[in-house]
Structure formats: structure tokens, C-alpha cells
1. Enumerate the pairs (first residue in the range 151-178 and under 22 Å from GLY112 (Cα atoms) and touching a residue at least 40 places away in the same chain (Cβ under 8 Å); second residue anywhere and in a strand (DSSP E or B) and open to solvent by 90 Å² or more (accessible area, probe 1.4 Å)) with beta-carbon separation below 7 Å, excluding pairs fewer than 6 apart on the same chain, so at least 6 apart or on different chains.
2. From the list PHE95, PHE72, PHE87, which one is more than 14 Å from the chain's Cα centre (by Cα) and among the hydrophobic types (A, V, I, L, M, F, W, C)?
3. Identify, please: which residue in the range 114-136 is open to solvent by 40 Å² or more (accessible area, probe 1.4 Å) and of a type outside the set (Asp, Glu) and is, among those, nearest to ARG9 (Cα to Cα)?
4. Suppose we filter THR84, THR141 for residues that are among the β-branched types (Val, Ile, Thr) and under 26 Å from GLU6 (Cβ atoms); which single one remains?
5. Mind checking which residues of the range 62-91 are free of Cβ contacts under 8 Å to residues at least 24 places away in the same chain and of a type in the set (D, E, K, R)?
6. Could you look through the range 52-78, keep only residues that are among the hydrophobic types (A, V, I, L, M, F, W, C) and within 21 Å of GLU129 (Cα to Cα), and pick out the one that is surrounded by the fewest Cβ atoms within 10 Å (Cβ to Cβ)?
7. Criterion first (within 18 Å of THR7 (Cα to Cα), of a type in the set (Phe, Trp, Tyr) and surrounded by 18 or more Cβ atoms within 10 Å (Cβ to Cβ)) does TYR176 satisfy it?
8. How about the range 28-51: which of its residues are open to solvent by 40 Å² or more (accessible area, probe 1.4 Å), out of contact with any Asp or Glu (no Cβ under 9 Å at 6 or more places or on another chain) and outside any loop (DSSP other than H, G, I, E, B)?
Amino acid sequence: MLFNIETDRLMLSSIQSDSAMLVTDFYRRNLSWLSDYEPNLSTQYMLDDFNEAILKYEFDKTRNGSFIRYWFSLKNEPNRLLGTVVFQNIMHGPFKKCEIGYKLDRFDQGKGYAYEACDAAIRSIIAEERLHRIYAMVEKTNKRSIALIERLSFANEGMIKDYVQINGMWRDCLIYSLRDRS
């Protein structure tokens, strides 16, 4: 797996626990913005110690090959995280698949950063891990996320009722999939 990916405007990095303050800053700016669509979001994400522990946990999962999270920033502003792209439940063997997730700073919507970051990360993980399928579960009222995933050429494969609990309510999710066509 590549730990750093560069695009025209962005640097994507699999950061470690010494960058917890940058992650905390991201959540302080975006906690209420993300709360409508993010399960398990709590005010703990506004604490450096909590984010340090999460980053250590995620790095261990990255080392075992089942997970990688890229935080991304503008090349000329490396200390301000714009968002994240994560691949989880990475499976090899006969499955060759994973699930993608992403978030973007509320102040950076509509600038193409999420597309640029996701596109680069998807190309990398397909090439590096030789994956056949990437799937996404998108809360059905999240119009921005639906637009992004469709722009990335994911196909809608249906809906699962009451898939995830967010803010105490069960939500339906659309299933999207991107298959390697090579």
C-alpha cells in the first residue's frame, strides 16, 4: 500500500499519532457539519488524546493490510486537513474488495477536492492491492455524497433499509459499487 499519494493540488497521507492535533482541528471545524451522516460521531473527536489513540489503532490495521486512511491537504497548506478517504474491510483471495468512506471540510465543499482525493486513492488501491470491487454505502438523503460517488463512476446496486443508526435513528443506505474493468 502506498502511504502518500500526490495529485495536482493535494497531498494524501496515511498519518500517524503525532498528527493527532491536525485531526482534532478538522473535527472541531466540522463536528456539527458531519453529524447528520456520520455514525458514532461524538465530542471525543475534539480531544487530541482520543484522536491519537484512533490514529494508533488505524495504523495497526493498516500494517495488517485490512485498512488504510488517507488524510488530505492542499500541497501549500499541509497543516490544515481538508478531509479523509478511507478503505476498510480490505479483503484479498477470492473477494478482492473493500469499502470506501470519505469526509470533506464544510468550508471546502464544491471545489473538487473530494473527487480529486477519492479518484487518486481509488486508482492507487486498485493498482497496489489488485482489488476487483470497491463498494460504498451512502445514506440515501446525502445528495452531495451521492453526486460524488456517481461522478467517480460507481454504479447504484440497490438499497438496504435501516442499515445504519445515526443520531438515534435508523437510516436507509444506497449500495454503490465500482468494479475494476481491466
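1. TYR176/GLU157; SER177/GLU157
2. Numbers: PHE72 fails: more than 14 Å from the chain's Cα centre (by Cα); PHE87 fails: more than 14 Å from the chain's Cα centre (by Cα).
On inspection, the qualifying residue turns out to be PHE95.
3. Once the filter is applied, the top-ranked residue is TYR115.
4. One residue alone meets the criteria, THR84.
5. ARG63, GLU77
6. Here the residue is PHE59.
7. no
8. Passing the criteria: ARG28, SER32, THR43, GLN44, TYR45, MET46, ASP48, ASP49, PHE50.
The values are calculated or read from the model by the stated rules, or taken from the named source; none is laboratory data. Predicted model, so just to flag it, every value in this text is computed and none were measured. With ideal geometry, Cβ positions are generated from the backbone for all residues, glycine too; neighbour counts draw on all protein chains shown. In case anyone asks, the SASA skips ligands and DNA or RNA and just uses the protein heavy atoms, side chains included. Shrake-Rupley method; radii C 1.70, N 1.55, O 1.52, S 1.80 Å.
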